[in-house]
1. Please identify the pairs in which a residue from the range B:1-19 that is within 8 Å of chain A (Cβ to nearest Cβ) has its Cβ atom under 8 Å from the Cβ atom of a residue that is modelled with pLDDT of 90 or more and not in a helix (DSSP H, G or I), counting only partners at least 6 apart or on another chain.
2. Select, from A:39, A:86, A:59, the only residue that is over 30 Å from residue A:217 (Cα atoms) and more than 14 Å from chain B (Cβ to nearest Cβ).
3. Got at least one residue in the range A:93-101 being in contact with a strand residue (DSSP E or B) (Cβ under 6 Å, 6 or more places away or on another chain) and surrounded by fewer than 24 Cβ atoms within 10 Å (Cβ to Cβ)?
4. Can you work out which of the residues in the range A:131-162 that are under 25 Å from residue A:107 (Cα atoms) and within 14 Å of chain B (Cβ to nearest Cβ) is farthest from the chain's Cα centre (by Cα)?
5. Filter the range A:116-136 down to residues that are touching a residue at least 40 places away in the same chain (Cβ under 8 Å) and either touching a helix residue (DSSP H, G or I) at 6+ places or on another chain (Cβ under 8 Å) or assigned to a helix (DSSP H, G or I) (or both), then give me how many there are.
6. Enumerate the helices (runs of 4 or more DSSP H) found wholly within the range A:137-249, keeping only those where 3 or more residues are at pLDDT 90 or above and not assigned by TED's automatic domain parsing to the domain that holds residue A:41.
7. Can you pull out every residue in the range A:341-385 that is more than 22 Å from the chain's Cα centre (by Cα) and within 17 Å of residue A:442 (Cα to Cα)?
8. Considering only the range A:87-115, state which residues are at pLDDT 95 or above and out of contact with any helix residue (DSSP H, G or I) (no Cβ under 7 Å at 6 or more places or on another chain).
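The values are calculated or read from the model by the stated rules, or taken from the named source; none is laboratory data. Keep in mind it's a predicted model, so treat the numbers as computed, not measured. As a convention, Cβ positions derive from the backbone with ideal geometry for all residues, glycine included, and neighbour counts pool all protein chains shown.
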């Protein structure tokens with residue numbers, strides 16, 4: 001389609017004098033929108049009352065587990081689409097990929113809105129989960145690999161900016177959804193499908209801004225005054241490895257385990273943060289204050305929500321802070337910190353319950369969440385160090401299947417372990433202890449995997465083939481001989 | 001002289017673009033951070 005040719009990579013090469021600091025807002029515009037997926041739970045309760053309005057009607061209205069699948073499908077498709085379309089995204093450039101991502105993400109909302117309006121959950125799974133999920137995958141990887149090309153001197157910091165945006169997406173999406181639902185709510189409607197339509201359109205415009213302002217650096221471009229060090233740091237290659245070859249290296253799978261373990265542990269407790277603090281501290285605290293039970297539940301829920309919000313903030317700040325620090329410390333050292341210190345901190349959580357220190361509990365979790373975010377944000381730069389920049393977006397896409405796996409594994413582990421313990425008579429406030437020790441042991445597995453990461457063997461490196469013209473002239477010369 | 005003028009014009013155009021772009025993504029981000037701060041206050045009250 002020639003009218004869309006302005007989206008081509010060739011048409012988006014930056015002119016001389018273009019400031020590279022113009023690209024991070026383009027990347028953020030996309031990541032701030034697609035990050036909404038982490039705030040989808042804000043629709044959980046309203047979606048259980050679409051027919052009943054005041055109360056859910058059993059057997060007619062959707063249940064929380066049914067609604068929970070929307071998130072799981074979207075995240076699973078994120079990983080799969082990033083893996084499948086990663087090479088296409090690398091070839092097509094950020095502008096086209098971000099544009100397609102905007103179309104998919106927005107269409108996902110619109111189809112989802114239709115599914116909600118006609119009360120058919122399968123349409124919502126297809127719309128938001130699958131079509132939206134494809135938008136998520138494309139939107140996630142494309143700006144990240146381009147940022148590393150714009151900031152070869154500070155790749156950790158650059159990817160930290162974009163991935164921080166993804167963390168912030170839920171912080172914008174959740175209150176925005178609440179405001180919109182309140183606006184559209186009527187006595188006969190929860191205002192959910194209308195909110196989906198509005199968000200789909202708002203996100204499309206925002207992401208379109210990101211896509212249209214996206215530029216790629218010219219192939220020979222480098223930052224002013226920066227010269228690549230001829231002798232790069234240890235664990236930092238100057239060679240390139242293709243995406244197809246990368247998945248044959250042990251390094252790829254070791255990093256897959258590292259990401260999967262770090263995310264499983266983090267995602268597992270992130271979803272449980274609010275009930276955890278309530279059951280471990282807040283119910284007791286408010287009861288001791290002499291409040292009646294109704295008031296206790298209300299206050300605990302509000303404070304629990306505040307705790308979850310605080311963790312989101314640390315998750316967000318950690319993405320920028322830790323990935324920027326990795327430019328100085330090196331990626332492997334950073335992951336040693338995330339996984340090593342993380343293990344200790346997870347193991348210390350039950351102790352905070354025993355000594356009754358809510359402040360220590362909050363501090364430990366804030367650090368854990370910052371490192372969880374840091375783990376996400378540092379991985380693209382780690383991949384770049386291992387496999388070079390040539391197809392780093394596609395390799396990153398394939399690695400994101402670890403995230404999809406963790407998105408299912410984390411909540412399942414936490415929920416089932418907790419249920420099992422409560423069914424066996426463990427008090428609710430202590431039911432999280434075993435979970436914390438299991439999460440700590442997952443991080444130990446990740447720590448070992450990270451420790452085993454070594455430089456990629458030269459046999460996997462991509463060797464540039466001679467240009468066709470050169471080949472032709474060579475063959476002509478041979479014919480003459 | 002003409003080159004210097006062209007250079008400074010380019011720089012100021014870049015600056016305007018930078019301000020607009022960062023404002024577009026910055027305003028919703030700050031709003032979100034504010035929402036978190038408001039909610040967090042409840043926790044420590």
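1. Partner pairs satisfying both residue conditions: B:14/A:19; B:17/A:19; B:18/A:19.
2. Exactly one residue qualifies, and that residue is A:59.
3. Within the range A:93-101, one or more residues are in contact with a strand residue (DSSP E or B) (Cβ under 6 Å, 6 or more places away or on another chain) and surrounded by fewer than 24 Cβ atoms within 10 Å (Cβ to Cβ).
4. Checking each candidate, the answer is A:143.
5. 13
6. On the way: elements: A:155-184, A:192-213, A:243-246.
Qualifying helices (runs of 4 or more DSSP H): A:243-246.
7. Passing the criteria: A:344, A:345, A:347, A:348, A:349, A:350.
8. A:103, the sole residue that qualifies.
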